[in-house]
Amino acid sequence: MWGYSLCSGVLISVPLLPISNSSTITELVLVGFSNHPQTELPLFFLFSLVYSANLFGNTAVIILVAVDSSLQTPMYIFLCHLAFLNIFFSTVVVPKMLFNFLASRKVISYNFCIAQTYITLFLESTECFLLAVMALDRYVAICYPLRYLLIMNWTVCMTLALGAWIIGFFASVVPLYLIILPLCGPYVVDYIFCELPILLHMFCAVTSLQETVMAIGGAGTVLFPFLLIILSYLRILVAVMKIDSVKGKKKAFSTCTSHLIVVTIYYGTGLIRYMRPKSLYSAEGDKLISVLYAVIIPMLNPFIYSLRNKEVKEGMRRVMGRYKNETK
């Protein structure tokens, strides 16, 4: 049975779902960009290309580091973890979004919606800690170049990488499990995927406790890694300023440029979304921001880190050269 719902000031056709507890919910309406039906087909083709580029670029980074021993250094190992995270995040979000662009019923199953909420929160938290670990790696490389490989040995490298995943899990999934509540109708998700801030407005209870826990968790998983990144780069800046040659300074800064770009984009979109005044809030604006960090940024990361990186280009030439020799 179908009815109508007013979302973001636009009247759209949605299925009428029964008002009951979460145990009886089978699916929710996922509005996405259905308020602008004329854009759905072009967006389907555009996001399909972006998602394909994401899979190709990030997979290529992982394979290249795996097969070229000269790239198996801490920086590129951390980059592989970031590449895997990018693939995982987009795969949880994009295929369902693409399917709904072409579907007449814009719905998402309740179980998959909850799974999206857990997984995206987990991956967002993990990325914050992983970016902090990568900043720490650049700090050691520039401030202690002669002892870099001794300090950032294989054991330390893997401990930091796995630690980012473990801390991200316990800082996101565990608190979410404790605070998540049954959902109440109307079961309409005016977004492109299910995420905690969106579901928070659908809980069948007063959510002041959940909002407090979310704010505390956000401070721990976003602000703490961000402070570590800032402190690392302040120390890097002091160390670079002590380098006498201009060439040495440029070389030191060049090793940090890619990471700084990714951090700026990632935290910039987060600050725009969560720190802007309520007067500037709009559902459609939030959807565009979510497209940026769920679809566009995961595709850009391997190109930011790799295409302008001399070591990666040389690694690609070595791998391609070995492949050509083997096929002769």
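The rows are residues; the columns are (1) without any contact (Cβ under 8 Å) to a residue 12 or more places away in the chain; (2) out of contact with any strand residue (DSSP E or B) (no Cβ under 8 Å at 6 or more places or on another chain); (3) of a type outside the set (S, T, N, Q).
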residue	(1), (2), (3)
Cys143	no, yes, yes
Asn153	yes, yes, no
Leu160	no, yes, yes
Gly163	no, yes, yes
Leu176	no, yes, yes
Tyr187	no, no, yes
Phe193	no, no, yes
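Summed over the stretch 92-130, residues that are farther than 18 Å from Phe169 by Cβ, in a helix (DSSP H, G or I) and not charged (D, E, K, R) total 13. Test Leu160 against the criterion of being modelled with pLDDT of 95 or more, open to solvent by 40 Å² or more (accessible area, probe 1.4 Å) and more than 23 Å from Phe56 (Cα to Cα), and give yes or no. In short, yes. Scan the stretch 111-126 for residues that are out of contact with any Phe, Trp or Tyr (no Cβ under 7 Å at 6 or more places or on another chain) and either open to solvent by 10 Å² or more (accessible area, probe 1.4 Å) or among the acidic types (Asp, Glu) (or both) and report the count. Residues meeting the conditions: 8.
Taking the stretch 32-47 as the range and being touching a residue at least 24 places away in the same chain (Cβ under 8 Å) and open to solvent by 30 Å² or more (accessible area, probe 1.4 Å) as the test, the residues that pass are Leu41, Leu43, Phe44.
Here are Arg147, Arg138: which of them is in contact (Cβ under 8 Å) with a residue 40 or more places away in the chain and part of a helix (DSSP H, G or I)?
Working: Arg147 fails: in contact (Cβ under 8 Å) with a residue 40 or more places away in the chain.
Unique residue meeting the criteria: Arg138.
Could you check, for the stretch 77-86, whether at least one of its residues is at pLDDT below 95, within 14 Å of Leu28 (Cα to Cα), open to solvent by 10 Å² or more (accessible area, probe 1.4 Å) and assigned to a helix (DSSP H, G or I)? Within the stretch 77-86 (the criterion being at pLDDT below 95, within 14 Å of Leu28 (Cα to Cα), open to solvent by 10 Å² or more (accessible area, probe 1.4 Å) and assigned to a helix (DSSP H, G or I)), the answer is no, since none of the residues qualifies.
Ile108 meets the conditions (1) closer than 30 Å to Cys256 by Cα; (2) buried (at least 20 other Cβ atoms within 10 Å of the Cβ) in every case but one. The failed one is (1). Taking the condition at pLDDT below 80, β-branched (Val, Ile, Thr) and within 30 Å of Val67 (Cα to Cα), does Thr327 pass? Yes, satisfied.
The values are calculated or read from the model by the stated rules, or taken from the named source; none is laboratory data. Just so it is clear, the model here is predicted, and its values are computed rather than measured. So basically every Cβ, Gly included, is an ideal-geometry build from the backbone, and we count neighbours across all protein chains shown. Accessible surface areas use protein heavy atoms only, side chains included; no ligands, DNA or RNA. Shrake-Rupley method; radii C 1.70, N 1.55, O 1.52, S 1.80 Å.
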